[in-house]
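For reference, the structure is listed below as structure tokens.
None of the figures in this text is laboratory data; all of them are computed from the coordinates on show. Just so it is clear, the structure is predicted and the values come from calculations on it, not from any experiment. With ideal geometry, Cβ positions are generated from the backbone for all residues, glycine too; neighbour counts draw on all protein chains shown.
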Amino acid sequence: MKYKNPVISGFHPDPSICSVGEDFYLVTSSFEYFPGVPIFHSKDLVNWKQIGHCLTRESQLGLHRAKSSMGIFAPTIRYNNGRFYMVTTNLTIGKNFIVYADHPEGPWSEPIWLDWPGIDPSLLFDDDGKVYLTGTQNIFNGEPMGIYQAEINVETGELRTERMLIWKGSGGAFPEGPHLYKINGLYYLMIAEGGTEYGHMVTMARSKHAFGPFECHPNNPILTHRSSASPIQATGHADLIQYIDGSWWTVFLGFRPAPVPFSGKHHHLGRETFLAPVDWNEEGWPVLSTQVELEMDSGTLKIEESENWRSIDNFNSETLDFSWNFLRNPAEGSWSLADRPGWLTLYGSAISLSDVDSPAFVGRRQQHFDCNVSTLLEFSPTHEGEEAGLTVFMNERFHYEIALGIREGVKKVYVRRRIGALWKVESEHEYGQEGIIFSVHADAKNYTFTFQQPGGESTVLGSGECFLLSTEVAGGFTGVYFGLYATGNGRNTSTPAYFDWFEYTI
């Protein structure tokens, strides 16, 4: 039997995994998006369902004016003695912290702030009761590059030993993403090197003691796709897990450059979560496949039947579905599901999609190269610059949108493209109705924007290239979002924007 990679598609990088009995839980990075640190559940390591977020309150996750691709970096989730622990970095405020919960769905605790620099913190609960905190060098004070560690009291955040450099890595750039394990009496340290790009790789060392000295795996890197022609690139930042039958597996990040001939390498979906089997050789070292495929042999995994893709959200619940995010902490009063039941209401402010701030925006990740998204909007703008619509958003300097708004004193529907310092309204038409359906068709090469009056014919209004929203062009560590938004472009809007439904089909 085969399973398909990625096991969690779209912008879900830096996966970390733990198990409780026959249940597996996984978290990923979320950067400037709120709520933070999505958490997933699985029985088979292949089919994952999001069950919430670890960081759902502003007191846990402050993202005010967070720069794009700042915020939450590389969480680690662990389970010990009936409690879940998640440790991570909020780079916007330059602090590491731990939150904990009795149930993975939450609620999660207030942060336990750590006197610990660097990024990518991880925890090991040893069998003798000691807990080790492992992370990277202090990137702000010139500390030598490598992996650092100390013993910690996880209840208070207090360090119980001095911070020590335990391994400099195998020689690759940017040793990071460490995870320490105790397996068969030995301490195994798995890290990422090479930078989270095309040279990314997974390396490993081991020791008889938690603080070393560590010896390198004789076949480092144990996982990399550098210099390969694979459709999966930048494999790295891995975490190990043991399945219920004793077999070993690893989750890790990678990305899929868009399969467009002669376009060069560009990826816009973001770094995704992949799965691969792990064997152990006679010398007690883990051995991973050097090439991870889009389809892999499931081995002894008991693969469950996957759920059908949920295609439509009618906004009939009291809370947003877990797939939705805000851009940074949402401004108070900027959105509601109650003001007009059955509709998502957005109250546009002076903040626009091009500002490093918190616009009235509710978005979800693009998870497929080929897909269609659409929404029904009711909006009655009255002042110049007021608009609401559907955006394809990478960051504040790289985004496309199809919108309804006032331009030159006239209510119009239009497509606009923002690429760096350049922006252009590609096409516009007068539109006198209050209700309008916006749609975006995506393939690996282009986004195509259409509109229609409810019950009427669909009209193509414009298009935009996917590669211009790719990481190679736009920079950063995130992926493309499809977002619903409203803005007054310098002033509060005079009327709310009402979204009746949002549909995502593949």
Using only the alpha-carbon atoms, what does segment 224-373 span along each of its principal axes? Please give whole angstrom values in decreasing order. 63, 41, 27
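Below 8 Å, C-alpha to C-alpha, sequence gap of six or more: please give me the relative contact order for segment 2-297 in percent. Could the numbers behind the result be given before it?
Details: 800 pairs, mean separation 45.9, N = 296.
Reported relative contact order: 16 percent.
At 0.36 nm per residue, minus the direct Cα-Cα distance, what do S306 and D245 gain on full extension? Give it in nm, one decimal, please.
Working: separation 61, 0.36 × 61 = 21.96 nm, distance 2.09 nm.
Between S306 and D245, full extension yields 19.9 nm more.
Using the Cα centre of the chain as the reference point, and only Cβ charges (+1 on K/R, -1 on D/E), how large is the resulting charge dipole? Debye, rounded to the nearest 20. Mind showing how you got there, number by number?
Numbers: 37 positive and 60 negative charges, 181 e Å.
Roughly 880 debye for the chain.
What's the Cα-based Rg to Rh of segment 312-505, Rh via Kirkwood?
Values: Rg = 15.1 Å, Rh = 16.4 Å.
Taking Rh as the inverse mean 1/r over Cα pairs, Rg/Rh reads 0.92.
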Could you grab the relative contact order for the chain? Cα pairs under 8 Å, six or more apart, rounded to a whole percent. 14
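Take the alpha carbon atoms of segment 375-464, find their radius of gyration, then divide it by 2.2 N^0.38 Å using N residues; give the quotient. Show your work: numbers first, answer last.
On the way: Rg = 12.6 Å, N = 90, 2.2 N^0.38 = 12.2 Å.
Taking the Cα Rg and dividing by 2.2 N^0.38 Å, one obtains 1.04.
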Determine, for each peptide in 192-198, 151-157, 9-15, the mean count of other beta carbons within 10 angstrom over its residues, then list the peptides with the highest first. 9-15, 192-198, 151-157
Taking the convex hull of the Cα atoms, report for the chain its projected area averaged over all directions, in nm². 23.3
Net charge near T448: determine it from the other residues with C-beta under 14 Å of the C-beta of T448, scoring Lys and Arg +1 and Asp and Glu -1. -3
Bins of 5 Å from zero: percent of alpha-carbon pairs in segment 169-257: 3, 15, 24, 23, 18, 11, 5, 1, 0
At what distance in nm do the modelled label points of Q452 and D355 sit from each other, each positioned 7 Å from its Cα along Cα→Cβ? 3.5
Once all Cα-Cα distances of segment 2-297 are split into 10 Å bins that start at 0, what whole-number percent is in each one? 6, 30, 39, 22, 3, 0
When a footprinting reagent is the concern and you count Cβ atoms within 10 Å, what order do L223, L376, L346 take, fewest first? L376, L346, L223
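Between S109 and A229, what is the FRET efficiency for a Förster distance of 56 Å, r being their Cβ-Cβ separation, to the nearest 0.05? Working shown, then result.
Working: r = 46 Å, r/R0 = 0.82.
It comes out at approximately 0.75.
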Which of the GluC sites (Glu not before Pro) found in segment 409-506 are in a DSSP loop and have at most 16 neighbouring Cβ atoms, other than their own, within 10 Å? E434, E457
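Counting each pair of different Cα atoms once, what's the Kirkwood radius of segment 27-177 in Å, rounded to one decimal?
Kirkwood hydrodynamic radius for segment 27-177: 16.0 Å.
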Quick calc, T319 & T161: beta-carbon distance into FRET formula, R0 35 Å, rounding 0.05, result 0.25
With every atom except the alpha carbons ignored, what do you get for Rg and Dmax of segment 310-423, in angstroms? 14.4, 40
